[in-house]
Amino acid sequence: MIALRRPAVLLLLLVLLAGCGTPGGDSSDNAENAEKAEKSSRKIDVSKAGDVTLTVWDQEVRGGQRRQIEQLNKAFQERYPNVTIKRVAKSFTDLNTTLKLAVSGDKAPDVVQANQGRPVMGALVKGGLLRPLDAYATAYGWADRYPRVLLDLNRFSTDGATFGAGKLFGISQMGEIVGVFYNRAKVPEPPATFADFERSLAAAKGRGEVPISFGNLDKWPGIHEFQSVQNAYAAPAQVRDFVFAREGASFDTPENREAAGKIAEWAKAGYFTKNFNGVGYDPAWQQFSKGAGPFLIAGTWLLRDLSDAMGDRLGFMLMPPPAAGDPVEALGGESLPFAITEKSANPDVAAAYIDFLTNADAARVLVETGNLPAMPTTAKPQGTAAEEVFQAWRTLGEGDGLVPYLDYATPSFYDDITAAVQRLLAGRQPADDFTQGLQGDYEKFTGSS
Amino acid sequence: MRRPPGEPRRVAYLYLLPGLALFAAFVLAPLVHAAWLSLFEWDGVTPGRWAGLDNYEALAQEPALRRAFGHSAVLLIFYAGLPVAIGLLLAAAASRARVRGLAAWRTILFLPQVIALAVVAVTWRIVYQPTGWLGDFDLALPAVGLVGTWVVYGLCFVLFMAGVQKIPQSLYDSARVDGAGPLREFFAVTLPALRGEIAVALTLTTIAALRNFDLVYLTTAGGPGDATTVPALEVFQRAFRTGDVGGAAAIGMCLAAVIFALSLGINRVADRAART
């Protein structure tokens, strides 16, 4: 019997191996397919499209985000009874990690939220799995809805190599800004310059308060903290060039070194929550909302929760520029863009759906449900802090001051920069090593120096 | 023709088939597939490129990965060493004294095993919050390790208690007649009798230590810096975030090989000790 066992095992292995081929999709020409797709793109009357089921994967699962998407989906299906929307809702992280498998499978969804940047959207574009939307953008006039940088963030060349230029692969509903929330009870007059801001940090420290509530255990908040300081030194164009990996871009610049030195100095001076690397994001903003100190550097996604907790005491401002009257800039961008998959059988209906999610009516729904629409709107939000957020969004749009997230830059830059900021702020790595190390990580991807 | 009873018959393979089919479909096939993928440079979307052993070669040269495996070695102390030691201590103490409500104690000590790891991780994040240990470059790894100790020592204790209860009382009696103190009794009677249980406990805890992902991911996500990265976390990051499926599969294969070698080693040692 023993003699029989070995061939049996080998046979089993062979059977298993036979199921393996070269992994991955087909290698047909992306540019050609893109051109074909665009030629067949039409703005259609959805009511005459027959019975259509659109499968949509989104991550609009929290509070106001959920309310707006449910309301808009319902409205779309009421207007077009021939269309059924099959919604698959996932958390942000789950969506990012499962999307590639879903979109490359045989039963790909029609519409997906594909996160900006190389890790998700870039990979999908490279695989030829998303449909270019420029023809639809022209037909529906999407270019008028967004400042240019917001469209650029959703652009890739069809081979996925160039980010920030090329074809449009998605559009977003909401804007977001990482700015400075402040407690009006402690900050009667918001500082007008970066130096004023530093002075109020020192004053708060002197009063025994936590100048900036900050929890970095989750690693990603460090990106927001660093970039908020970086904005006081580096012009938006410099950061954009870096993120889009344009010719000659580098992380190891005098501006970045200065910014890194400054934020490390703040950490050393005790301007952040004690043990910030061991404090979670949620406990940190909750402490701020309970009056721990004057400032919190965070994204507008916290507006609703903070308003609920603090009411009229909550204020929002952009990080003040070096000199009063200088153009303001801020880290920010837009929510995950809605994209159409290459395999969708009904791209024209999908485009109409995306248009419906981002038109002027949708903007009004977004405001009513407590969100910040990326599109211009005349609808008024409720509460002073919300008004300040809307005003900041308009200012940034008009002054072209939005700066994209650094972690879009390379597939691994999220891990690279979050770990590096933790080291920098713990005093484990001087500013020079910080910028040089990250430049080294960046070059692994861009291959140039 | 009559067979003598007990003679192996081919029909036995038929009985094995259902189990084997399940094992092949859900363990062997993915394993072989992962091994196959580890030979490609593949981003998970576009067609892969044959890379041979390049992925493995690249791994060997990566200091970050060596650190991750080093962290796993430290975690072994907290996941396997400490829990087995604590379990032995508790079992030895319980074997000497008549403990009132032993069943209740056993349940309480076993409780951490029953709680979902995600809940454990979130709870310990809150517990550690005031100390700041999870954000400290030197203390984060031991802090995560201690959570592991807390989770698995109950399992060791329960295993050892079951073992202690099957040791004949006469052995203890004769040891005592021979004048053995508590320490002597432990090393001469309890410890040798528990060899099998110790091997099982070490195997289980070693596997838990090396494939540790959830606890690290949910408490520190590998931070601060890369002070708590572990190989399984690297697998996840490469496969799902940075689009290096081949590299991820290669790390996974290395990890599987290490786990396999260690558990084989543990059981070899235990077997040999049992024979002498």
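Under the combined filter of DSSP loop state and at most 16 neighbouring Cβ atoms within 10 Å, the stretch B:200-276 retains these chymotrypsin sites (Phe, Trp or Tyr not before Pro): B:Phe213. With contacts taken as Cα pairs under 8 Å and at least 6 residues apart, the stretch A:164-301 reaches a relative contact order of 47 percent.
Rounded to the nearest 0.05, the FRET efficiency derived from the C-beta distance between A:Arg394 and A:Ala202 at R0 = 25 Å is 0.20. Give the distance, in whole Å, between the Cα centre of the stretch A:45-80 and the Cα centre of the stretch A:92-171. Measuring centre to centre over Cα atoms gives 19 Å. Close amide H partners of A:Phe316, meaning residues 5 or more places away or on another chain with modelled amide H under 5 Å apart, are A:Tyr182. Here the gap between A:Trp220 and A:Asp432, fully extended at 0.36 nm per residue and compared with their Cα-Cα distance, gives a gain of 74.2 nm. In the stretch A:327-427, Cα pairs under 8 Å separated by at least six residues give a relative contact order of 35 percent.
The Rg/Rh ratio for the stretch B:184-256, using Cα coordinates for both the radius of gyration and the Kirkwood hydrodynamic radius, is 1.23. Its residue count N fixes a reference of 2.2 N^0.38 Å for the stretch A:73-199, and the Cα radius of gyration divided by that reference is 1.40.
Inverting the mean 1/r over all pairs of different Cα atoms, compute the Kirkwood radius of the stretch B:8-159 and quote it in Å. Kirkwood hydrodynamic radius for the stretch B:8-159: 20.1 Å.
Peptide packing: for B:264-272, B:225-233, the average count of neighbouring Cβ atoms within 10 Å per residue gives the ranking B:225-233, B:264-272, highest mean first. Scaling the Cα radius of gyration of the stretch A:253-412 by the globular reference 2.2 N^0.38 Å produces a ratio of 1.25.
Computed over Cα pairs, the Kirkwood radius of the stretch B:130-188 leads via Stokes-Einstein (1.306 mPa s, 10 °C) to a diffusion coefficient of 108 µm² per second. Each label was represented as a point 7 Å from its Cα along the Cα-to-Cβ direction; for B:Leu14 and A:Lys268 these points are 8.0 nm apart. Between A:Asp241 and A:Glu38, the C-beta separation translates, for a Förster distance of 35 Å, into a calculated FRET efficiency of about 0.80. Summarising the label geometry, the points placed 7 Å from Cα in the beta-carbon direction at A:Asp326 and A:Val61 lie 4.1 nm from one another.
Bin all alpha-carbon pair distances of the stretch B:82-158 at 10 Å intervals from 0 and give each bin's fraction as a whole percent. Bin by bin from 0 Å, the calculated values are 18, 41, 28, 12, 1.
Once the partner protein chains are put back, the stretch B:226-262 shows a loss of at least 20 square angstrom of accessible area, versus the chain by itself, at B:Gln237, B:Phe240, B:Arg241, B:Thr242 (probe 1.4 Å, ligands and nucleic acids excluded). For A:Thr273, the residues 5 or more places off, or on other chains, whose built amide H falls under 5 Å of its own are A:Ile212, A:Phe214. Taken as Cα centroids, the stretch A:404-449 and the stretch B:103-136 sit 33 Å apart, rounded to the nearest whole angstrom. Taking the stretch A:133-249, how much of its Cα-Cα pair set, in percent, is spaced more than 24 angstrom apart? Every Cα pair in the stretch A:133-249 considered, those over 24 Å come to 48 percent. With K and R counted +1 and D and E -1, the other residues having a Cβ less than 12 Å from that of A:Glu60 yield a net charge of +3. Stokes-Einstein D for the protein assembly as shown at 4 °C, 1.567 mPa s, Kirkwood Rh over Cα pairs, in µm²/s? Estimated diffusion coefficient is 45 µm²/s.
Multiplying the residue separation of B:Arg176 and B:Thr131 by 0.36 nm and removing their Cα-Cα distance gives an extension gain of 11.5 nm. Diffusion coefficient (Stokes-Einstein, Kirkwood radius over C-alpha pairs, 10 °C, 1.306 mPa s) for the stretch B:65-119: 117 µm²/s, rounded to a whole number. Using a cutoff of 8 angstrom between alpha carbon atoms and counting only pairs six or more residues apart, the relative contact order for the stretch B:19-95 works out to 14 percent. Centroid-to-centroid, using Cα positions, the stretch A:256-292 and the stretch B:26-64 are 40 Å apart. Computed with the Debye formula from one identical point scatterer per Cα of the stretch B:58-275, without solvent, the log10 of I(q)/I(0) at q = 0.07, 0.08, 0.14 Å⁻¹ comes to -0.27, -0.35, -0.91.
In nm, to one decimal, how far is the B:Ala85 label point from the A:Thr22 one, both placed 7 Å along Cα→Cβ? Result: 5.4 nm between the two label points. Taken residue by residue and averaged, Cβ atoms of other chains lying within 10 Å of the Cβ of A:420-431 number 3.
The values are calculated or read from the model by the stated rules, or taken from the named source; none is laboratory data. Treat the numbers as computed from the prediction; the structure is a model and nothing was measured. No Cβ is skipped: glycine too gets one built from the backbone with ideal geometry, and neighbour counts run over all protein chains shown. Keep in mind that these areas ignore ligands, DNA and RNA; they rest on the heavy atoms of the full protein, side chains included. Shrake-Rupley method; radii C 1.70, N 1.55, O 1.52, S 1.80 Å.
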